[in-house]
1. With a cap of 11 neighbouring Cβ atoms within 10 Å, and only residues DSSP puts in a loop, list the chymotrypsin sites (Phe, Trp or Tyr not before Pro) found in segment 11-115.
2. Looking at Pro87, Thr112, Gly65, which one has the Cα that reaches farthest to the positive end of the dipole of the chain (charges on Cβ: Lys, Arg +1; Asp, Glu -1)?
3. Tally up the carbon and sulfur contribution to the accessible surface of the chain as a whole percent, 1.4 Å probe, everything protein left in place.
4. Among the trypsin sites (Lys or Arg not before Pro) within segment 1-69, which fall in a DSSP loop and have no more than 13 other Cβ atoms within 10 Å of their own Cβ?
5. What list of ³J(HN,Hα) couplings, whole Hz, do you get for segment 99-104 from phi and the Karplus terms 6.51, -1.76, 1.60, once you set θ to phi - 60° and write x for glycine and proline?
6. Would you check the accessible area of Thr112, probe 1.4 Å, heavy atoms only, in square angstrom rounded to 10?
7. Taking a ≥ b ≥ c as the square roots of the Cα gyration tensor eigenvalues, with a/c under 1.5 meaning rounded and otherwise prolate when a/b beats b/c, else oblate, which class fits segment 28-67?
8. In whole Å, how far is the Cα centre of segment 20-54 from that of segment 83-115?
Amino acid sequence: QMQPVESGGGLVQPGDSLTLSCVASARLFSTYAMGWYRQAPGKQRELVARITPTNIPHYPDSVKGRFTISRDNAKNTVYLQMNSLKPEDTAVYYCNSSPSLLYYWGQGTQVTVSS
């Protein structure tokens, strides 16, 4: 089924870290560039990290230096290591291919950063 399953979210304090995981089944998973997206209440969904099939990462300035994306093609899994979390990182986090959205959106995983 072409729907990723995200996990690893939670409630953390500012400055804490979290690692998210996404399992995305697809025979050609290793050939897809994959991305982590987030959607905060009242805001549009945005791309926060992208990794190419050759493991080259890309980040927007808002998370650069704090977030690290990685992948394990043998496990059809994409990870997002998030450090120095800020309240503005609070959102539901999703994964999908990028830039073409080849998967249905999963349920996402909630990340809440609050003191």
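The values are calculated or read from the model by the stated rules, or taken from the named source; none is laboratory data. Only a predicted model underlies this, so the values are computations on that prediction, with no experimental measurement involved. Methodologically, a virtual Cβ is constructed for each residue, glycine included, from the backbone with ideal geometry; neighbour enumeration extends over all protein chains shown. Keep in mind that these areas ignore ligands, DNA and RNA; they rest on the heavy atoms of the full protein, side chains included. Shrake-Rupley method; radii C 1.70, N 1.55, O 1.52, S 1.80 Å.
1. Passing sites in segment 11-115 are Tyr104.
2. After comparing all options, I get Gly65.
3. 50
4. Answer by residue number: Arg27, Lys43, Lys64.
5. 3J(HN,Hα) across segment 99-104, in whole Hz: x, 6, 8, 8, 10, 5.
6. Answer for Thr112: close to 40 Å² accessible.
7. Oblate shape, in that a/c is at least 1.5 and b/c is the bigger or equal ratio.
8. 9
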